[in-house]
Amino acid sequence: MDYLVEHRHAARRFALLGFTALVAIAFVFLFSRPLDWFLLKRSLRAKFSDESWITAQQLADWLAQKEGRVPVLLDVRTPAEWNVSHLRGARQVDPKASAEEAAGGVAKDAPIVAYCSVGYRSGAMAAQLRQAGFTRVQNLEGSIFEWANERRPLVHDGEAVTRVHPYNAFWGRLLRDEVRAPLPAPSPR
């Protein structure tokens, strides 16, 4: 008799453990992207603590103004990423470019907003530009991934598009499914 009671308790514990695991898995799938973004943004702000940041909403408001000086937008991603989409009016800049190459004749007091996929490469470029004497440089928080996730306008060859190059599978998970472009197939060796 004790064997049956103990067996029932073990079965209940096993079922409870299984239910807990399902809830934990559901939690990870439902809330991991916001948690990942929170941790990433904290990490980037700590790494580039001397840099000025601008949110996607602030940049969108600035770009929508009909008056005033619009910022120079520097897309600090590779040509492959740029060729999928970018912000209208942006210049593609090699992530390894010098500040002078990146700025390309822009005045030292011109407003500049740098962006990349999530903010790391653009944060490094913003730091280079600031150290080279550019006084109004900002890094786009969340960069093009957050911009796209918020359904803000993107272009390719002057035409509106909705997808963004995911950089790679790991970082691409920060993009919503509907805005993540497929990764190119690896080239045969």
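The values are calculated or read from the model by the stated rules, or taken from the named source; none is laboratory data. None of these values were measured; they are calculated from a predicted model. Ideal geometry is used to build each Cβ from the backbone, glycine not excepted, and the neighbour counts take in all protein chains shown.
A count restricted to region 62-94 and to residues that are of a type in the set (Phe, Trp, Tyr), more than 15 Å from the chain's Cα centre (by Cα) and within 12 Å of Val155 (Cα to Cα) stands at 0. Taken over region 96-142, the criterion of being over 16 Å from Ile54 (Cβ atoms), surrounded by fewer than 24 Cβ atoms within 10 Å (Cβ to Cβ) and aliphatic (A, V, I, L, M) is satisfied by Ala97, Ala99, Val106, Ala107, Ala124, Ala132. If you go through region 149-174 and keep only what is among the hydrophobic types (A, V, I, L, M, F, W, C) and closer than 14 Å to Val84 by Cα, you end up with Leu154, Val155, Ala160, Val161, Val164. Of the residues making up region 42-93, those that are assigned to a strand (DSSP E or B) and either farther than 19 Å from Pro111 by Cα or among the β-branched types (Val, Ile, Thr) (or both) number 2. Answer with yes or no whether Ser117 is within 22 Å of Leu174 (Cβ to Cβ), under 12 Å from the mean Cα position of the chain (by Cα) and either among the β-branched types (Val, Ile, Thr) or modelled with pLDDT of 95 or more (or both). Spelling it out, Ser117 is indeed within 22 Å of Leu174 (Cβ to Cβ), under 12 Å from the mean Cα position of the chain (by Cα) and either among the β-branched types (Val, Ile, Thr) or modelled with pLDDT of 95 or more (or both).
With a requirement of 1 or more residues that are within 19 Å of Leu40 (Cα to Cα), the strands (runs of 3 or more DSSP E) lying completely within region 94-189 that satisfy it span 112-115, 137-140.
You will find that of Arg136, Arg152, the residue that is farther than 26 Å from Ala99 by Cα and over 12 Å from the mean Cα position of the chain (by Cα) is Arg152 and no other.
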